């Protein structure tokens, strides 16, 4: 959904090298690394900015890996000299996801002319404070937002930034989460927040905690709402391709909270931590949120 998300993610992703631990290798998240070294006598591990440095650390310090001892019930018998390449997929595999965004390139080029006009309008204004700039409606061929959400019609300034806003006063933001190897031990997940092309608050970053697609979707929404509140935005439309996210907030969350975060089957809700964080962002009522589902990769910029 967000152009360049995984290109940026691949360049910023930290790597956790475990030379001595339950399972030697390179991990993409601290919780995964922590599981290999906590309680393991003689554990040797370090965080690196590149995969190459992490691999070198494991090769240099990995002799005799697994010869220490672990406390608790966890396994302490890793394969000595394990091939670190199998611990996580190479960063290049993340870049495969970038190809999914090629289809929106045409849509991006169609709005270039509009973007230049908006830049000229921003530069020609005077005075301080909030300022609205009227722009033309979106082309008729662009996919319309559902759920009664109005199209963006103007730029409105909040704080020091301008935001796309519809006629009902809702600022629009696009959020997304995605995961390479979703559901596997070597999963690599990222999230993105998109307020508009070149916007200063656009964000792409690795998912914290569990690396799953749904965790990315939830964390992206939390971040978008937090950024909007920091700028004094009072009405926000969150555009997302995640029906799970929308249904979780609008349908299931009250029941889960009443049922001590358990499903009807008695199983725990897997995304409790991330949903609680999102619920806290919504609880103070300082901002009105409208949730809007958009189809993934359908030509909508964002």
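The values are calculated or read from the model by the stated rules, or taken from the named source; none is laboratory data. Owing to the predicted nature of the structure, the values given are computational and were not obtained by experimental measurement. Heads up, the Cβs are rebuilt from the backbone with ideal geometry, glycines too, and the neighbour counts pull from every protein chain shown.
Going by the conditions given, is residue 229 part of a helix (DSSP H, G or I), in the same structural domain as residue 289 (by TED's automatic domain parsing), under 18 Å from residue 276 (Cα atoms) and free of Cβ contacts under 8 Å to residues at least 24 places away in the same chain?
No.
Can you tell me which residues in segment 150-186 are touching a residue at least 60 places away in the same chain (Cβ under 8 Å), under 30 Å from residue 24 (Cα atoms) and assigned to a loop (DSSP other than H, G, I, E, B)? Result: 181, 185, 186.
So that you can scan it fast, the table gives a plain yes or no per residue for (1) assigned by TED's automatic domain parsing to the domain that holds residue 156; (2) out of contact with any helix residue (DSSP H, G or I) (no Cβ under 9 Å at 6 or more places or on another chain); (3) not in a helix (DSSP H, G or I):
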{"residue": "237", "(1), (2), (3)": "yes, yes, yes"}
{"residue": "245", "(1), (2), (3)": "yes, no, no"}
{"residue": "249", "(1), (2), (3)": "yes, no, no"}
{"residue": "254", "(1), (2), (3)": "yes, yes, no"}
{"residue": "257", "(1), (2), (3)": "yes, no, no"}
{"residue": "270", "(1), (2), (3)": "yes, no, yes"}
{"residue": "274", "(1), (2), (3)": "yes, no, no"}
{"residue": "278", "(1), (2), (3)": "yes, no, no"}
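Scanning segment 280-292 for residues being surrounded by fewer than 17 Cβ atoms within 10 Å (Cβ to Cβ) and either assigned to a loop (DSSP other than H, G, I, E, B) or under 17 Å from the mean Cα position of the chain (by Cα) (or both) gives a total of 3. Looking at 283, 224, just one residue is in the same structural domain as residue 182 (by TED's automatic domain parsing) and at pLDDT 95 or above, and that residue is 224.
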